[in-house]
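A short worksheet on the structure shown next.
The values are calculated or read from the model by the stated rules, or taken from the named source; none is laboratory data. All values reported here derive from a predicted model rather than from experimental measurement. Glycine gets a Cβ as well: all are built from the backbone with ideal geometry, and neighbour counts include every protein chain shown. Heads up: the accessible areas ignore ligands, DNA and RNA and are worked out on the full protein's heavy atoms, side chains in. Shrake-Rupley method; radii C 1.70, N 1.55, O 1.52, S 1.80 Å.
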Amino acid sequence: MNVKFDFADDVALVTGASGALGSAVCTAFVDAGATVCATDVVEPDEDTLPDSEKIHFHQADFTDESDVESTISKITDDHGGIDYLANIAGTWKGGSPVEDTDADTFDLLFDVNLKTAFLASKHALPHLQDREGAIVSVSARSSLEGGEGDALYRASKAGIRLLTESIAEENTGVVRANAVMPSVIDTPANREMMPDANHDEWVDPADIAEVICVLCSDATSVTSGAAVPVYGEA
């Protein structure tokens, strides 16, 4: 079954747009006709984002509230509002047990994974409420249980799920908020980190992007507060 989305005249804000998943989400929204406001702390490579007049890139640090506020203000001034927020910004760091993990790792993971989603949601919500829009954030399969060597990553991604559920509860009938939970995403960085893994079992970023579009679409108008598995075969 072929799935097509029609987001013509809609505005999507995508954080972490310079990364593999973020760029795939931008591409999916553009293909569906949306105007995409792409944000990241670093500019994308020239081949990362599609060459489209529908994509407007804003370089911003979404761990900095003043940066978030000014960026969203500019977006809404330029485009009249926001219909969808995709909280894609995130990172992974691990390899050590808790007693050997430094506090800087805590700050990094909670800032990039959780604080960005909180600040983007906080400042986008008034505009999403005006348009009865949707938020989709990225949690992780590993957030569902403890594990060895990446406790802080798991905790930060569990925070995404709880933040999502709370936003959904606070905005019942107005703004839908959901999360996706990938296992291992098939990105160049992950292949470099795990060269001996079975990459065929990993999930293509484009497939996750399609699920994010589904959760923003009318097809899931009764779905809010969910954490949706996007595990593939991993």
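Pairs are defined by a Cβ separation below 9 Å, a sequence spacing of at least 6 or placement on different chains, a first member in segment 64-86 that is open to solvent by 50 Å² or more (accessible area, probe 1.4 Å), and a second member that is of a type in the set (Gly, Ala, Ser) and part of a helix (DSSP H, G or I); no pair meets this definition.
Among the conditions (1) assigned to a loop (DSSP other than H, G, I, E, B); (2) out of contact with any Leu (no Cβ under 9 Å at 6 or more places or on another chain); (3) of a type outside the set (Ser, Thr, Tyr), Gly90 misses just one, which is (2).
Is it the case, given these coordinates, that Ala60 is farther than 23 Å from Val214 by Cβ, touching a helix residue (DSSP H, G or I) at 6+ places or on another chain (Cβ under 7 Å), of a type in the set (Gly, Ala, Ser) and without any contact (Cβ under 8 Å) to a residue 24 or more places away in the chain? It would help to see each step written out before you state the result.
On the way: farther than 23 Å from Val214 by Cβ: yes; touching a helix residue (DSSP H, G or I) at 6+ places or on another chain (Cβ under 7 Å): yes; of a type in the set (Gly, Ala, Ser): yes; without any contact (Cβ under 8 Å) to a residue 24 or more places away in the chain: yes.
In short, yes.
Please indicate, with yes or no, whether at least one residue in segment 159-171 is at pLDDT below 95, of a type in the set (Lys, Arg) and surrounded by fewer than 21 Cβ atoms within 10 Å (Cβ to Cβ).
Going residue by residue through segment 159-171, those that are at pLDDT below 95 are none.
The answer is no, given that none of the residues of segment 159-171 is at pLDDT below 95, of a type in the set (Lys, Arg) and surrounded by fewer than 21 Cβ atoms within 10 Å (Cβ to Cβ).
What are the residues in segment 117-140 that are surrounded by fewer than 19 Cβ atoms within 10 Å (Cβ to Cβ) and over 16 Å from Gly80 (Cβ atoms), if any? Steps first, answer last, please.
As a first pass, look at segment 117-140 and keep what is surrounded by fewer than 19 Cβ atoms within 10 Å (Cβ to Cβ): 122, 126, 129-132.
If the condition is that a residue be surrounded by fewer than 19 Cβ atoms within 10 Å (Cβ to Cβ) and over 16 Å from Gly80 (Cβ atoms), then Lys122 is the only one that fits.
With (1) of a type in the set (Asp, Glu); (2) free of Cβ contacts under 8 Å to residues at least 40 places away in the same chain; (3) surrounded by 16 or more Cβ atoms within 10 Å (Cβ to Cβ) as the list, and Asp10 as the residue in question, which single condition is left unmet? (2) is the only condition that Asp10 fails. Looking across segment 14-41, the residues that are under 16 Å from the mean Cα position of the chain (by Cα) and not in a helix (DSSP H, G or I) come down to Val14, Thr15, Gly16, Ala17, Ser18, Gly19, Val36, Cys37, Ala38, Thr39, Asp40, Val41.
So which residues in segment 198-234 are surrounded by 14 or more Cβ atoms within 10 Å (Cβ to Cβ) and among the small types (Gly, Ala, Ser), if there are any at all? Correct list: Ala206, Ala209, Ser217, Ser224, Gly225, Ala226, Ala227, Gly232, Ala234.
Scanning segment 159-193 for residues that are small (Gly, Ala, Ser) and more than 14 Å from Phe118 (Cβ to Cβ) turns up Ala168, Gly173, Ser183, Ala189.
Which residue out of Leu125, Leu162 is of a type outside the set (Ser, Thr, Tyr) and within 16 Å of Met181 (Cβ to Cβ)? Please lay out each step first, then the result.
Working: Leu125 fails: within 16 Å of Met181 (Cβ to Cβ).
Testing whether each residue is of a type outside the set (Ser, Thr, Tyr) and within 16 Å of Met181 (Cβ to Cβ) leaves just Leu162.
Of Ser121, Ser66, all but one fail to be at pLDDT 95 or above, within 26 Å of Asp10 (Cα to Cα), in contact with a helix residue (DSSP H, G or I) (Cβ under 8 Å, 6 or more places away or on another chain) and hydroxyl-bearing (Ser, Thr, Tyr); the exception is Ser121.
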